[in-house]
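Asker: My questions all concern the structure below.
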Amino acid sequence: MLQLKSKGKELNVSDYTVIIPSICVGNAAQLACDLLIASKQLRKIGSLTHPALIPVYGPSAYQHEPNEKVTSCELYESVEDKLLVVQFRAPWIARHTRDFQSQLVDQLKGARRVVILSGSFGFERRVIEESPWAYRASDNFKAAHAEQLGNPEVIKWKEHTGDIIYGGGNGLQLFTAFNEAGVQVMLLFRYLLEGDNSTDASLIVRELNELCEDFLQLRSGGDGSFKLTVPKSWNLLFGNDVTELIY
């Protein structure tokens, strides 16, 4: 299942923060991981293969690694920040999902914490005045991050307690799998709509940074400004412009 670029090396995620996108509405979580990888210039260290993953192969998605190729599931690392980002580029085959989730948890259960990013249909947000963010966290995650989660000036999310996140893909199932393995895990999602979700992706990264600024380090300058790098794979995210000849 795991294929690392460095032969003979084992994946060691001890003391690492692992970020995993759910294949959700608008692909917002995957776009957010794209921003993280490009902005932090994370290094590709390997890929995952499994019957649940539809094969994908293509040119590099990021300007800082122009010679790399992309596949269905990739691992990107920052040794300095103890950060590992998993990126998916294809939907999962349903009948193999449970086995893939189990193997993914086995590979990453030694991590310090796991953050799962996702999204939900905007029309599922019942009270417009409430925060567009919601989260679900394991008890040990809440204990470890009590200061951040308990600060209303920083975190203004609503805790999700339901059994379903509509449009959230496999996010809640992944959360349950990691929680049952005793891993510190949080699921963070935003209510959004289909379309150009690049703005939602940047907002997800900004929100995540409020909780994890110590390792993401995406803020720059003394004025608290925030810099994100848009990956080159976004240049034709929606194809070419519509020709004026049709009007």
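Asker: Please specify each residue of the stretch 64-90 satisfying the condition of being over 18 Å from Met1 (Cβ atoms) and either among the charged types (D, E, K, R) or open to solvent by 70 Å² or more (accessible area, probe 1.4 Å) (or both).
Answerer: Across the stretch 64-90, the qualifying residues are Glu65, Pro66, Asn67, Glu68, Lys69, Val79, Glu80, Asp81, Lys82.
Asker: Just to confirm my filter: which strands (runs of 3 or more DSSP E) fall fully inside the stretch 71-134 and include at least 3 residues that are touching a Phe, Trp or Tyr at 6+ places or on another chain (Cβ under 7 Å) and not acidic (Asp, Glu)?
Answerer: On the way: elements: 73-78, 83-88, 113-121.
Output list reads 83-88, 113-121.
Asker: For the stretch 111-154, which residues satisfy the criterion of being touching a strand residue (DSSP E or B) at 6+ places or on another chain (Cβ under 6 Å) and either among the hydroxyl-bearing types (Ser, Thr, Tyr) or farther than 26 Å from Leu35 by Cβ (or both)?
Answerer: Across the stretch 111-154, the qualifying residues are Ser118, Ser120, Ser131, Tyr135, Ser138.
Asker: Could you check the stretch 1-21 and list, in sequence order, the residues that are outside any strand (DSSP E or B), touching a residue at least 24 places away in the same chain (Cβ under 8 Å) and not basic (Lys, Arg)? Give the derivation first.
Answerer: Keep residues of the stretch 1-21 that are outside any strand (DSSP E or B), which gives 1, 5-13, 15-16.
Narrowing the set further to residues that are touching a residue at least 24 places away in the same chain (Cβ under 8 Å) leaves 1, 5-6, 11-13, 15-16.
Matches in the stretch 1-21: Met1, Ser6, Leu11, Asn12, Val13, Asp15, Tyr16.
Asker: Which residues, taken from the stretch 43-58, are part of a strand (DSSP E or B) and β-branched (Val, Ile, Thr)?
Answerer: If we filter the stretch 43-58 for residues that are part of a strand (DSSP E or B), which is where we start, we get 43-48, 53, 57-58.
Within the stretch 43-58, just Ile45 meets the criteria.
Asker: Just checking, which of Ala61, Ala29 is open to solvent by less than 10 Å² (accessible area, probe 1.4 Å) and in a loop (DSSP other than H, G, I, E, B)? Give the steps one after another, and end with the answer.
Answerer: Working: Ala29 fails: in a loop (DSSP other than H, G, I, E, B).
Being open to solvent by less than 10 Å² (accessible area, probe 1.4 Å) and in a loop (DSSP other than H, G, I, E, B) holds for just one of Ala61, Ala29, which is Ala61.
Asker: Follow-up question, since we're still on this one. For the stretch 145-177, enumerate the residues that are modelled with pLDDT under 90 and assigned to a helix (DSSP H, G or I).
Answerer: Ala146, Glu147, Gln148, Leu149
Asker: Shifting gears a bit: So is Asn179 in contact with a helix residue (DSSP H, G or I) (Cβ under 9 Å, 6 or more places away or on another chain) and open to solvent by 20 Å² or more (accessible area, probe 1.4 Å) or not?
Answerer: Values: in contact with a helix residue (DSSP H, G or I) (Cβ under 9 Å, 6 or more places away or on another chain): yes; open to solvent by 20 Å² or more (accessible area, probe 1.4 Å): yes.
Considered against the rule, which asks whether it is in contact with a helix residue (DSSP H, G or I) (Cβ under 9 Å, 6 or more places away or on another chain) and open to solvent by 20 Å² or more (accessible area, probe 1.4 Å), Asn179 comes out as yes.
The values are calculated or read from the model by the stated rules, or taken from the named source; none is laboratory data. Nothing here was measured: the structure is a model prediction, and the numbers come from that model. All Cβ positions, even for glycine, are placed from backbone atoms using ideal geometry, and neighbour counts span all protein chains on display. Note: accessible area is taken over every heavy atom of the protein model, side chains too, but ligands, DNA and RNA are not part of it. Shrake-Rupley method; radii C 1.70, N 1.55, O 1.52, S 1.80 Å.
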